[in-house]
1. Across region A:8-51, which residue is nearest to A:THR100 (Cα to Cα) among those that are assigned to a strand (DSSP E or B) and open to solvent by 50 Å² or more (accessible area, probe 1.4 Å)?
2. Taking B:GLY5 as the residue in question, decide whether it is in a loop (DSSP other than H, G, I, E, B), modelled with pLDDT under 95 and surrounded by 15 or more Cβ atoms within 10 Å (Cβ to Cβ).
3. Only one residue in A:PHE91, A:PHE104 is open to solvent by less than 10 Å² (accessible area, probe 1.4 Å), within 15 Å of B:PRO44 (Cβ to Cβ) and within 11 Å of another protein chain (Cβ to nearest Cβ). Which one?
4. What is the one condition in (1) open to solvent by less than 60 Å² (accessible area, probe 1.4 Å); (2) of a type outside the set (Lys, Arg); (3) in a loop (DSSP other than H, G, I, E, B) that B:GLU92 does not satisfy?
5. Here is a list of conditions, (1) in contact with a strand residue (DSSP E or B) (Cβ under 6 Å, 6 or more places away or on another chain); (2) within 14 Å of chain A (Cβ to nearest Cβ), and B:SER19 meets all of them except one; can you say which number that is?
6. I need a count of the residues in region A:62-73 that are part of a strand (DSSP E or B) and open to solvent by less than 70 Å² (accessible area, probe 1.4 Å).
7. Would you mind listing the strands (runs of 3 or more DSSP E) fully within region B:45-85 where at least 3 residues are surrounded by 15 or more Cβ atoms within 10 Å (Cβ to Cβ)?
Amino acid sequence: DAGVIQSPRHEVTEMGQEVTLRCKPISGHDYLFWYRQTMMRGLELLIYFNNNVPIDDSGMPEDRFSAKMPNASFSTLKIQPSEPRDSAVYFCASSFIGRTEAFFGQGTRLTVV
Amino acid sequence: GESVGLHLPTLSVQEGDNSIINCAYSNSASDYFIWYKQESGKGPQFIIDIRSNMDKRQGQRVTVLLNKTVKHLSLQIAATQPGDSAVYFCAESTNRDDKIIFGKGTRLHILP
């Protein structure tokens, strides 16, 4: 397996634009996590899915953020409209149920200007 | 993925020496405590975990110690190598929901 695949690796967008981040988890994994990493706040869990169903979205900062998982092999994190304070590295990770080993993608570095 | 930067505590260790990275946790209800390593430009990578009913677990060149009395977790790396240079995160998880919550990181710097 190629591991967790995220796209794009880098995204630069203007304030107010819609941004969509994509993730392909490892085949067969039950959980998919979206994290955000910044210098000030560290690694924050935004939302996670179990078998494509959102379980906990309490970490999603605002209504501007939304995430979907239409099938077991694809998830998106959307920010609309984007703001400069959304600039961060966004990671997707996946794991088997009951396991503490989550496999992370390379991340998407988002810059909102 | 750039790891947390300027505000991280840093531990500098001579190559070949042992490293000890510490972490204080807050959730007594956690069932697992976990260590992850993040190298520059990459996502975090699992190192080792320990159940909450244990106080020590050993892996290859790493040992994790858990002191529930003072809510303290540590990661010991034996014979530190240049490849160990990274940011290390402690994390927690519960059996109830399996979500993994990360703590603050520590940057490990290896001196030649």
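The values are calculated or read from the model by the stated rules, or taken from the named source; none is laboratory data. What you see is a predicted model; the values in this text were computed from it and never measured. For neighbour counting, all protein chains shown are included, and Cβ atoms are generated from backbone atoms with ideal geometry for every residue, glycine included. We work out accessible area using only protein heavy atoms, side chains counted, and drop any ligands, DNA or RNA first. Shrake-Rupley method; radii C 1.70, N 1.55, O 1.52, S 1.80 Å.
1. Filtering region A:8-51 for residues assigned to a strand (DSSP E or B) gives A:10-13, A:19-24, A:31-38, A:42-50.
From the residues that got through so far, the ones that are open to solvent by 50 Å² or more (accessible area, probe 1.4 Å) too are A:10-12, A:22, A:24.
Details: A:HIS10: 28, A:GLU11: 30, A:VAL12: 33, A:ARG22: 23, A:LYS24: 19 Å.
Here the residue is A:LYS24.
2. Working: in a loop (DSSP other than H, G, I, E, B): yes; modelled with pLDDT under 95: yes; surrounded by 15 or more Cβ atoms within 10 Å (Cβ to Cβ): no.
So B:GLY5 does not fit the description; no.
3. Working: A:PHE104 fails: open to solvent by less than 10 Å² (accessible area, probe 1.4 Å).
None of the other options fit; the residue is A:PHE91.
4. Condition (3) is where B:GLU92 drops out.
5. (2) is the only condition that B:SER19 fails.
6. Residues of region A:62-73 that are part of a strand (DSSP E or B), as a first pass: A:65-71.
Checking the rest, the ones that are also open to solvent by less than 70 Å² (accessible area, probe 1.4 Å) come to A:65-67, A:69, A:71.
So the count comes out to 5.
7. Working: elements: B:45-51, B:56-58, B:62-67, B:72-77.
Hits in region B:45-85: B:45-51, B:62-67, B:72-77.
Conditions (1) in contact with a Ser or Thr (Cβ under 8 Å, 6 or more places away or on another chain); (2) within 14 Å of another protein chain (Cβ to nearest Cβ), marked per residue:
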| position | (1), (2) |
| --- | --- |
| B:GLN14 | yes, no |
| B:CYS23 | yes, yes |
| B:TRP35 | no, yes |
| B:SER52 | yes, yes |
| B:ALA78 | yes, no |
| B:GLY83 | no, no |
